[in-house]
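Everything below concerns the one structure shown next.
The values are calculated or read from the model by the stated rules, or taken from the named source; none is laboratory data. Remember, it's a predicted structure, so these values are computed and weren't measured experimentally. In this analysis, Cβ positions are derived from the backbone assuming ideal geometry, glycine residues included, and neighbour counts consider all displayed protein chains. Accessible surface is based on the protein model in full, side chains and every heavy atom, while ligands, DNA and RNA are left aside. Shrake-Rupley method; radii C 1.70, N 1.55, O 1.52, S 1.80 Å.
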Amino acid sequence: MSKVTVPRPVLRSFRVLACTGQNRGEAVGAKMRLEVQQEIEVGLAVPDVAGAPLMLGVRIKLDAKATNESDAGDVATYAGEYEARFYYPVDVVEGTVTPLLDDHEYQYVLVAQAFPLAMTHFRRELQAMGLDARELPLGLDPAR
């Protein structure tokens with residue numbers, strides 16, 4: 001009986017691609033309602049150079065909007081876009097990885113490594129803008 005192993009790439013880089021925000025209102029003491037939306041994309045990059053490893057990218061976009069509960073015109077916004085790059089061993093080929101990308105659990109394991117890094121930066125930036133982001137989760141909800 002042979003043991004089948006699933007190729008797992010290694011996280012080699014994580015970076016902030018873009019971030020922008022504004023909070024021109026009165027943040028001190030104001031009760032704000034915070035809404036956050038997320039968009040996560042997973043994609044495989046096949047190299048043009050012979051012998052180069054396959055790269056899997058996880059792109060995470062987070063958008064926050066905070067509205068003052070007593071003044072709807074007082075709105076703060078922040079958006080961040082993040083990218084994690086995972087590399088496979090050089091002997092792993094596209095035909096092995098492509099079917100795995102349709103597996104929710106396989107994607108989850110990769111995104112679960114990148115998401116806390118993105119959310120840590122995102123929360124820190126929101127707090128720097130005067131917004132209370134302590135309640136935002138650092139990890140993913142496995143049920144989703």
Per the Kirkwood formula over distinct C-alpha pairs, the hydrodynamic radius of the stretch 1-80 in angstrom is 16.5
Computed about the Cα centre, the charge dipole of the chain from +1 Lys/Arg and -1 Asp/Glu charges at the Cβ has a magnitude in debye, to the nearest 20, of 400
At R0 = 30 Å the Cβ-Cβ FRET efficiency linking ALA52 and THR20, nearest 0.05, sits at 0.35
In degrees rounded to 10, the 0-90 angle between helix 104-128 Cα long axis and the longest Cα principal axis of the chain is 30
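Compute the Rg to Rh ratio over the chain from the alpha carbon atoms, using the Kirkwood formula for Rh, and round to two decimal places.
So for the chain, dividing Rg by the Kirkwood Rh gives 1.11.
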Residues whose modelled amide H sits under 5 Å from the amide H of ASP74, counting only those 5 or more places away in sequence or on another chain, are ASN68
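Let me check against my output: what whole-number percent is the relative contact order of the chain, with C-alpha pairs under 8 Å and at least 6 apart? Walk me through the intermediate numbers first.
Numbers: 239 pairs, mean separation 39.2, N = 144.
Relative contact order of the chain: 27 percent.
Using a 1.4 Å probe and counting only protein heavy atoms, arrange LEU138, LEU100 so the residue with the most accessible area comes first.
Values: LEU138 75, LEU100 35 Å².
Final ranking, largest accessible area leading: LEU138, LEU100.
Which net charge results when you count Lys and Arg as +1 and Asp and Glu as -1 among the other residues whose beta-carbon is under 13 Å from that of PHE14?
Working: positive: ARG12, ARG15, ARG59, ARG85; negative: GLU81, GLU83.
Cβ neighbours under 13 Å give a net charge of +2.
Given only helices, namely DSSP H runs of n ≥ 4 each adding -39500 (n - 2.57), what is the per-residue ellipticity at 222 nm of the chain, to the nearest 500 deg cm²/dmol? Don't skip to the end; give the middle numbers.
Values: 2 runs with 29 residues, N = 144.
Mean residue ellipticity, 222 nm, calculated: -6500 deg cm²/dmol.
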